[in-house]
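These notes concern the structure reproduced below.
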Amino acid sequence: MKTCKYFERCGGCKNLLIPYDTQLEEKSKWVKNLFNKYSVNIDIPKTIGMFFPYKYRNKIHLSIKSLKGKTIVGFFEEGSSKVTDIDSCLLHPDWAADLIALVRNYLKKYRITPYDPITKSGTIRYVVARVLDGQAVISLVMTSNNFAGRDYLYAKLQEIFKKVSLYVNINKRTDKLVFDANGFKLIAGDKYLESKILGVKFLSSPNSFLQVNTEICKAMYQKACEWLELGKEDNVLDLYSGIGITSIYFAKFAKSVTSIEYNSEATSMAVLNKKLNETINLDIRTGACEKVVKDLDITKYNKIFLDPARAGVEDGCIKSLLDSNAETIVYMSCNPETLARDVKKLLGKYDISQIQTYDMFAQTPEVETLVCLKRKS
């Protein structure tokens, strides 16, 4: 068990002082209790965890604030607009400490001031970085494109990472959104960096959604594929499919895959990833799942995978799942409350065949869950 000098203020790793084995057991119990709430009684195995439950996060979101004339670089304190000034984090690899030090020195050297939402003055708001295989996509969130030291910053970033794509996102919004979706501009490096997971090559944009824990993500995708029992006669429907990683992975084993994703930027990336992998048996659709499925012959699909956002699955989509007559449905969820609610709605036609919790967010109370549902005979 490790300790952190920012623990009392930051709140980003609430479970840090709880023995790791206990954390895993408690997460399984939490999910079991939520299913019980919906009158679904099921035994849930101990949560699958990590051999080393630290330094696993592949993404960091640094908030930049000013406090009594000092520039603060760190994390928002839980439930607060205050920022804890940090120099490292137990949940992030060593590159995070190097990046934090560089950001702090860069802002000081070029006198770049943090944005003040009250006076509407200042330039920088956040620095967001995603690092996979030593390659970094880094976004500076600014209120103006007029800032100095870009060449210096990029050169220093190249000393930390194997490859770097550096973006600026101009965000003048007054709400809490980190990025303005229309505000990205490439400063230096390649537009996209290529990574690989489970043999699937993928490109990602600065705002693409990817799981923060690559080790657990691989384990969950592999287990989902195993539970789907894919063969060359199977037609798969992949709902809430993001940038297409699961769709392309499943397409390696199935006859066909149809993916549906609401976010058009994500589906644009999925198209690029489909081409990158030379996947010919994948049909990518853009739109709300509950609407797009109505245009499909839902009875064509005998295997279904879904990985919705925290809000869970819309009622219209649940109805389509029930109409599909699919043999197997595998549901991946980051919110056990909505997962239990949705699974309850499917149990008239399906039985829970397998369920497993995963420690995607080690040292926090959050848990990721996979459920395999089999059609009743």
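For this structure, a couple of remarks:
- Cross-link pairs K46/K349; K196/K274; K82/K176; K232/K303 - those with Cα-Cα distance over 19 Å: K46/K349
- Note, ³J(HN,Hα) from phi for the stretch 243-260, Karplus 6.51, -1.76, 1.60, rounded to Hz, x at Gly and Pro: 8, x, 5, 5, 4, 5, 4, 5, 5, 5, 10, 9, 5, 8, 9, 10, 10, 10
- Rounded Å value of the spacing that divides the Cα centres of the stretch 195-226 and the stretch 153-176: 22 Å
- Where labels lie 7 Å past Cα in the beta-carbon direction, separation of I18 and I352 in nm: 1.9 nm
- Accessible-area value, T143, 1.4 Å probe, nucleic acids and ligands omitted, Å²: 20 Å²
- Euclidean distance of C-alpha centroids, the stretch 33-60 and the stretch 298-340, integer Å: 19 Å
- For the chain, the longest principal axis of the alpha carbon atoms and the long axis of helix 150-160 meet at an angle near 60°.
- Cut-off under 5 Å, modelled amide H: who pairs with V236 long-range: S256, V257, T258
- Proximal lysines to K156, defined as alpha-carbon separation beneath 20 angstrom and excluding residues fewer than eight positions away on the same chain: K59, K108, K109, K185, K191
- Solvent exposure, largest accessible area first (probe 1.4 Å, DNA, RNA and ligands not counted), of K65, K303, K163: K163, K65, K303
- Computed over the chain: relative contact order in percent, which uses C-alpha pairs under 8 Å that are six or more apart: 15 percent
- Ordered by solvent-accessible area of protein heavy atoms (1.4 Å probe), largest first, the residues S81, S377, S256 come out as S377, S81, S256.
- Net charge contributed by nearby residues that have their C-beta within less than 15 Å of E233 (K/R +1, D/E -1): +2
- Sites matching trypsin sites (Lys or Arg not before Pro) across the stretch 82-136 that sit in DSSP coil, with at most 13 neighbouring C-beta atoms within 10 Å: R111, K120
- Candidate residues E25, E278: accessible-area rank, largest first, probe 1.4 Å: E278, E25
- Taking each residue as 0.36 nm, the span from K319 to F209 lengthens on full extension beyond its C-alpha to C-alpha distance by 36.9 nm.
The values are calculated or read from the model by the stated rules, or taken from the named source; none is laboratory data. The structure displayed is predicted, hence computed values, not measured ones. Heads up, the Cβs are rebuilt from the backbone with ideal geometry, glycines too, and the neighbour counts pull from every protein chain shown. To get the accessible areas, we keep the full protein, side chains included, count just its heavy atoms, and leave off ligands, DNA and RNA. Shrake-Rupley method; radii C 1.70, N 1.55, O 1.52, S 1.80 Å.
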